[in-house]
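Enquirer: Mind looking over this structure? Questions follow.
The values are calculated or read from the model by the stated rules, or taken from the named source; none is laboratory data. Everything quoted here is computed from the prediction, not taken from an experiment. Cβ placement follows ideal geometry from the backbone for every residue including glycine, while neighbour counts extend to all protein chains displayed. SASA here: full protein model, heavy atoms, side chains in, ligands and nucleic acids out. Shrake-Rupley method; radii C 1.70, N 1.55, O 1.52, S 1.80 Å.
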Amino acid sequence: MQLPYELQLGWRYTRAGRATRRNGFINFISGVSMAGIALGVAALIIVLSVMNGFQKEVRDRMLGVVSHIEIFSRDGQALPDLDVIAAAARRNPEVMGAAPFIASQALIARGEDMKGALVRGIVPAQEPEVTDFSGTAQKGALDKLVPGEFGIVLGGELARALFVREGDQVTLIAPGGQVTPAGVVPRLKSFTVVGTFDSGHYEYDSALAMIHVEDAARVFRLEGPTGLRLKLKDLNQAREVADEMAQTLPGQFLIRDWTRQNRTWFAAVQVEKRMMFIILTLIVAVAAFNLVSTLVMTVTDKRADIAILRTLGASPRSIMGIFVVQGAMVGVIGTLAGLGLGLLVAYNVTEIVSFIEKALNASFLPKDIYLISRMPSDPQRSDILPITVISLILAFAATLYPSWRASRVNPAEALRYE
């Protein structure tokens, strides 16, 4: 099929100068523009992929401790008809597991050291249905939580702050002391540390302690579990499922999903991603608008060609189309090159960083500071497609003005000195 001559000439001007030095400087500027677009697109893809990787890493560590959805009674007391509520929640096709719990604030003391903590009463046999402590808790730690023996599992940072290890005794001070003739006396109970866990999330490692749900009921004087924790097939559906359960579950409950529990952190990450996207898009915009100077010089160099085409009957729209094709080709090639480079680095960033660390004998991510020892990356289509489209749009927009000026060239004026 015969291609329109606008496309043929536009492509010819794009690759002109590779076999001759006549237009070497123009082609150098064109190459710089193409490389700038490619590097800008690659930088955008790599940076957003790494940010997605860090977000996913933190989220997975967080959800190793926090369940997807939590259901509470409004008065903070034991849930009535817990089995009925659990059965109703499990009927939702998104729910994979359910486990009861008790949550309350308390003080944990050892000697003169005292720390505030969130004490969570759990059923060890059901806890793996809603959280993943297999990779964070000491082996068999949850199994050692036997009702009546008052064992406790502490977060690693909390245990280090109290200078305790497995087998040591700590004192749990519950809120709401008991009234005696001598006044209000706080409720104290001695617990034995049976293990620790390290989720990699400082907020939980420094302030979370777990005991058996029956021991929690005795200490906090409750008739049973105060809440139900749920795990979903798709964690991204947590908010929708929570809103649906608020309408379908029998009774009035407080229902909270993991996105609402950590709303501030996730909002901060989204704002940071948005700002990085804007900043790096400006780099692509600067590179794309280098095409303006390239096309202006090309139009000046091709004035005689333009005049000859006009005298042969080419319309101003056709002349404009030739230079739009030339600029668009540079933008398309640069964008595709940046897309390929960005994806290549994003999918292999862990190996690349490891190689650089070995070559420089350095550590970019010390595990004792960042809690992760590798550079995570998670390229997502929702980021890559907008980057590609925006780059192509910017490159196309940069061609419009020079191409319009080319279409306005007067043939008589252009050929006067030829």
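Enquirer: Any residue that is at pLDDT 85 or above, out of contact with any Pro (no Cβ under 7 Å at 6 or more places or on another chain) and assigned to a loop (DSSP other than H, G, I, E, B) - is there at least one of those in the stretch 170-182?
Expert: No.
Enquirer: Please work out if V194 is modelled with pLDDT under 80 and in a strand (DSSP E or B). Can you show your working first?
Expert: Details: modelled with pLDDT under 80: no; in a strand (DSSP E or B): yes.
Considered against the rule, which asks whether it is modelled with pLDDT under 80 and in a strand (DSSP E or B), V194 comes out as no.
Enquirer: Among the residues of the stretch 155-169, write down those that are assigned to a helix (DSSP H, G or I) and in contact with a helix residue (DSSP H, G or I) (Cβ under 8 Å, 6 or more places away or on another chain). Even if it seems obvious, please write down each step before you answer.
Expert: At the first step, the residues of the stretch 155-169 found to be assigned to a helix (DSSP H, G or I) are 156-162.
Residues satisfying the conditions are G156, E157, L158.
Enquirer: Going by the structure shown, is G40 at pLDDT 85 or above, closer than 30 Å to T300 by Cβ and in a helix (DSSP H, G or I)? Walk me through how you get there before you give the answer.
Expert: Working: at pLDDT 85 or above: yes; closer than 30 Å to T300 by Cβ: yes; in a helix (DSSP H, G or I): yes.
Here the answer is yes, as G40 does meet what is asked.
Enquirer: Now for a different question. Count, please, the residues in the stretch 146-163 that happen to be touching a Ser or Thr at 6+ places or on another chain (Cβ under 9 Å), open to solvent by 10 Å² or more (accessible area, probe 1.4 Å) and among the aliphatic types (A, V, I, L, M).
Expert: Final tally of qualifying residues: 1.
Enquirer: Another question about this same structure. In this structure, is L341 out of contact with any strand residue (DSSP E or B) (no Cβ under 8 Å at 6 or more places or on another chain), in contact (Cβ under 8 Å) with a residue 12 or more places away in the chain and open to solvent by 20 Å² or more (accessible area, probe 1.4 Å)? Quick ask: steps written out before the conclusion?
Expert: Details: out of contact with any strand residue (DSSP E or B) (no Cβ under 8 Å at 6 or more places or on another chain): yes; in contact (Cβ under 8 Å) with a residue 12 or more places away in the chain: yes; open to solvent by 20 Å² or more (accessible area, probe 1.4 Å): yes.
For L341, the condition - out of contact with any strand residue (DSSP E or B) (no Cβ under 8 Å at 6 or more places or on another chain), in contact (Cβ under 8 Å) with a residue 12 or more places away in the chain and open to solvent by 20 Å² or more (accessible area, probe 1.4 Å) - is met.
Enquirer: Another question, if that's okay. Of everything in the stretch 190-204 that's touching a Ser or Thr at 6+ places or on another chain (Cβ under 6 Å) and touching a residue at least 60 places away in the same chain (Cβ under 8 Å), which residue is most open to solvent (accessible area, probe 1.4 Å)?
Expert: At the first step, the residues of the stretch 190-204 found to be touching a Ser or Thr at 6+ places or on another chain (Cβ under 6 Å) are 190, 197-199.
Still in the list and also touching a residue at least 60 places away in the same chain (Cβ under 8 Å): 197-199.
Details: F197: 0, D198: 70, S199: 5 Å².
Looking at the filtered set, the residue picked out is D198.
Enquirer: Do we have any residue at all in the stretch 394-409 that's charged (D, E, K, R) and open to solvent by less than 70 Å² (accessible area, probe 1.4 Å)?
Expert: From the stretch 394-409, those charged (D, E, K, R) are 405, 408; that's our starting set.
Right, trim to open to solvent by less than 70 Å² (accessible area, probe 1.4 Å) and you get none.
Within the stretch 394-409 (the criterion being charged (D, E, K, R) and open to solvent by less than 70 Å² (accessible area, probe 1.4 Å)), the answer is no, since none of the residues qualifies.
Enquirer: Here is a follow-up. Q261 - would you say it is modelled with pLDDT under 85 and over 32 Å from the mean Cα position of the chain (by Cα)? Before the answer, list the steps.
Expert: On the way: modelled with pLDDT under 85: yes; over 32 Å from the mean Cα position of the chain (by Cα): no.
Taking the combined requirement at face value, the residue does not satisfy it.
Enquirer: Could you list all residues from the stretch 224-241 that are among the acidic types (D, E) and either within 23 Å of S190 (Cβ to Cβ) or modelled with pLDDT of 85 or more (or both)? Step through it out loud before you land on a result.
Expert: Initial filter on the stretch 224-241 (among the acidic types (D, E)): 234, 240.
E240 - this is the single residue of the stretch 224-241 that is among the acidic types (D, E) and either within 23 Å of S190 (Cβ to Cβ) or modelled with pLDDT of 85 or more (or both).
Enquirer: Related question: Tell me yes or no: at least one residue of the stretch 96-117 is part of a loop (DSSP other than H, G, I, E, B) and either closer than 26 Å to E223 by Cα or modelled with pLDDT of 85 or more (or both). Walk me through it before giving the result.
Expert: First, the residues of the stretch 96-117 that are part of a loop (DSSP other than H, G, I, E, B): 111-112.
In the following step, the residues that additionally are either closer than 26 Å to E223 by Cα or modelled with pLDDT of 85 or more (or both) were identified as none.
Within the stretch 96-117, none of the residues are part of a loop (DSSP other than H, G, I, E, B) and either closer than 26 Å to E223 by Cα or modelled with pLDDT of 85 or more (or both).
Enquirer: Additional query: List the pairs whose first member sits in the stretch 258-286 and is touching a residue at least 12 places away in the same chain (Cβ under 8 Å), whose second member is open to solvent by 40 Å² or more (accessible area, probe 1.4 Å) and among the basic types (K, R), and whose Cβ atoms are under 7 Å apart, counting only residues at least 6 apart or on separate chains?
Expert: Pairs that qualify, where the first residue is touching a residue at least 12 places away in the same chain (Cβ under 8 Å) and the partner is open to solvent by 40 Å² or more (accessible area, probe 1.4 Å) and among the basic types (K, R), are T259/R239.
Enquirer: Please specify each residue of the stretch 301-324 satisfying the condition of being aliphatic (A, V, I, L, M), under 30 Å from I390 (Cβ atoms) and open to solvent by 20 Å² or more (accessible area, probe 1.4 Å). Please lay out each step first, then the result.
Expert: So the first thing to find is which residues in the stretch 301-324 are aliphatic (A, V, I, L, M), and the list is 304, 306-309, 312, 314, 319-320, 322, 324.
Then keep just the ones that are under 30 Å from I390 (Cβ atoms); that gives 319-320, 322, 324.
Result: M320, V324.
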